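Each reported figure results from applying straightforward, stated rules to the coordinates on display, with no laboratory input. Please read all numbers here as calculations on a predicted model, not as lab measurements. We place every Cβ from the backbone using ideal geometry, glycine too, and count neighbours over all the protein chains shown.
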Amino acid sequence: MKNAQCCIKCNQGKIFHAHDVLDRGEGNAGLPMAIGRSGVIHAHDFGTLEAYICMSCGYTEFYVQNPRELEDVQPDTGGIGLGEVRKGGPCA
Ligand SMILES: [Zn+2]
């Protein structure tokens, strides 16, 4: 739905775009939901999520706001939610 005008499940066109998705941290603090956090002392969230929600059926799609920043994630920084880039070519 990010690039479509209608919901792919119910074909309705009223879509809510959430620039950030709420997560909860220690002490019930509101934090933006992300794929992970690199480092411990100088922590940096990466893969912060945004969402598109169909206002009719509730179908929701999540996207990473800046997917290119995942290229810079270092696997040995002691962070959480770390992954790896699986190299592949363009999909047909
Ligand atoms: Zn829908």
- prompt: Given a Förster distance of 25 angstrom, what is the FRET efficiency for residue 62 paired with residue 24, based on the Cβ-Cβ distance and rounded to 0.05?
  reply: 0.90
query: Over the chain, what is the relative contact order in whole percent, taking alpha-carbon pairs under 8 Å and six or more residues apart?
result: 25
message: Could you tell me the extents of the chain's C-alpha atoms along the three principal axes, largest first, rounded to whole Å?
response: 45, 43, 14
statement: With x for Gly and Pro, the residue-by-residue ³J(HN,Hα) of region 9-17, computed from phi through the Karplus equation 6.51 cos²θ - 1.76 cosθ + 1.60 at θ = phi - 60° and given in whole Hz, is 9, 10, 6, 8, x, 9, 10, 9, 9
message: Just to check I understand the Karplus step: with θ = phi - 60° and J = 6.51 cos²θ - 1.76 cosθ + 1.60, what whole-Hz values come out for region 39-47, glycine and proline as x?
response: x, 10, 6, 9, 5, 9, 6, 9, x
Label point distance in nm, residue 16-residue 4, each placed 7 Å from Cα along Cα→Cβ: 2.0
task: Set the Förster radius R0 to 22 Å, insert the Cβ-Cβ distance between residue 44 and residue 86 as r into 1/(1 + (r/R0)^6), and round the FRET efficiency to 0.05.
output: 0.50
Mean Cβ count within 10 Å, highest first, over the residues of peptides 39-52, 13-26: 39-52, 13-26
